[in-house]
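Taken together, the values in this text are just the output of simple stated rules run on the coordinates, not laboratory data. The structure presented is a predicted model; accordingly, all values stated were derived computationally and were not measured. Here the Cβ is made from the backbone with ideal geometry for all residues, glycine too, and neighbour counts use every protein chain on show.
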């Protein structure tokens, strides 16, 4: 688990002020240094603040009436009960077992239970609500991203790809959308962003395959260079793929030179050590 | 003798102006809803494009013969080899304005099919250009309100945008891109240089600059909260605080599963050929700004 994942798990306790001072400082430092976690924490804080704005409904009048009716019934049934035994505490014990004190104690217990329930119930339900809201927020953001990726505006599509990078697990739908963008988006910078968004998923063979096979569809030499760099880094046998790409007809001179340069440098000790 | 020379010079000047003015076309396009931002689209244009702002509620397009030879060098050592045909020596269609005497009392029922034209729909002005080889290269100058979005594609010419506030999308294949005091979203790509001064950035409006082998020189607002993703095989300079920059590598395959942020030794071993991006937070970081060039230098400067 990397630092960001640990911090993400502690974000909600941190927001609730439940982190220890050591964790508190670590989280604060991390949030200062990591823009992504900072952004995530800001969003959660916004949701939390929205929750704070939600007014807790006052107990209804029927609740008060019910409470009083229960209390009255209880009083009626117990006024007639006599003490079955006497304790040696004399008048104090008789006072304690007098119906007045018993009713008062019961009332106090009910009130304490009521307000405790209200307090703790709110806290637990807020936390559950927060988790639910977080989940709903994620779903909404995912839908918004997928929708933005289909917009005609390049800046919308680019922004959607930047947002998609915040997910560790992209999901099939988003992964497909990124692969489509890499192949077919008319804007070079959007295709470049899609390539970089897919790179954290390069441990999946199908993602690597999608990136490598998109080479032929790239009209921009910059994109072809970026794919070559990716192949050198992520593929187990980059030489074989580069030799195939070198035979691509009408290849830009600069791209061909970059392939040749990489083929030469792949034989260095650093690469053989990694293999 | 001296007076005669003056008269000749004056007549020559008059004749030259008449010839030049004859070959300058001006189109004025009214916007459907002047209260709303405009949008301008010019696709597959061979020539330079210059965009300037004015305080009027219409878009004006001035086109004139290009004063520079366009070189379409999309394949490095193999210029003009792909889908783009070479320009013919003799044009298929006569250019220039129609003689006014010939159209006296007549109504135009079709504009020339191979001239620059523009049509407007819902505040979007689309500039239509003749197919390659059907007319001489022309430069266009666009005057538009400040609040305008641009979608410009130029082959061979430079693109110059001034004072625009909107979504700016430019692809200049081979030309240079210059952005002066622009605000909003900017997505710029070229094989040449990019010089830009960003006046204001807007949350949710991305900035992205890429070039194949040109230099990228960007001036950003001094107080900007942003995180730069910088990648180049060339040199990178900035006068922002670069103390918190990190070298990151996006791919985390099993084979190269180490995290560069946690393993400084591997950074030293990392070779130039490999994917490496410098992540530089400005003023604490914020929205991503992507700047990529294959072999040119990158300069990031503090603005006002």
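Of A:229, B:239, B:99, how do they rank once you tally other Cβ atoms within 10 Å and put the fewest first?
Least to most surrounded, the residues fall as B:99, B:239, A:229.
Would you mind checking segment A:193-221 for residues with the amide N under 18 Å from a putative spin-label position 7 Å along Cα→C-beta of residue A:261?
The answer is A:220-221.
Can you give me the distance in nm between label points at residue B:247 and residue B:99, each placed 7 Å from the Cα along the Cα-to-Cβ direction?
Between residue B:247 and residue B:99, the label points sit 7.2 nm apart.
What order do you get for B:51, A:108, B:146 when you list them from fewest to most C-beta neighbours inside 10 Å?
A:108, B:146, B:51
Find the Rg to Rh ratio for segment A:153-274, where Rh is the Kirkwood radius over alpha-carbon pairs and Rg uses the same atoms.
0.98
Among B:104, B:120, which comes first, then next, by fewest other beta-carbon atoms within 10 Å?
Fewest-to-most Cβ neighbours within 10 Å comes out as B:104, B:120.
Give me the Kirkwood hydrodynamic radius of segment B:149-215, using the inverse of the mean 1/r over all pairs of distinct Cα atoms, in Å to one decimal.
Mean inverse Cα-Cα distance, inverted, gives 11.5 Å.
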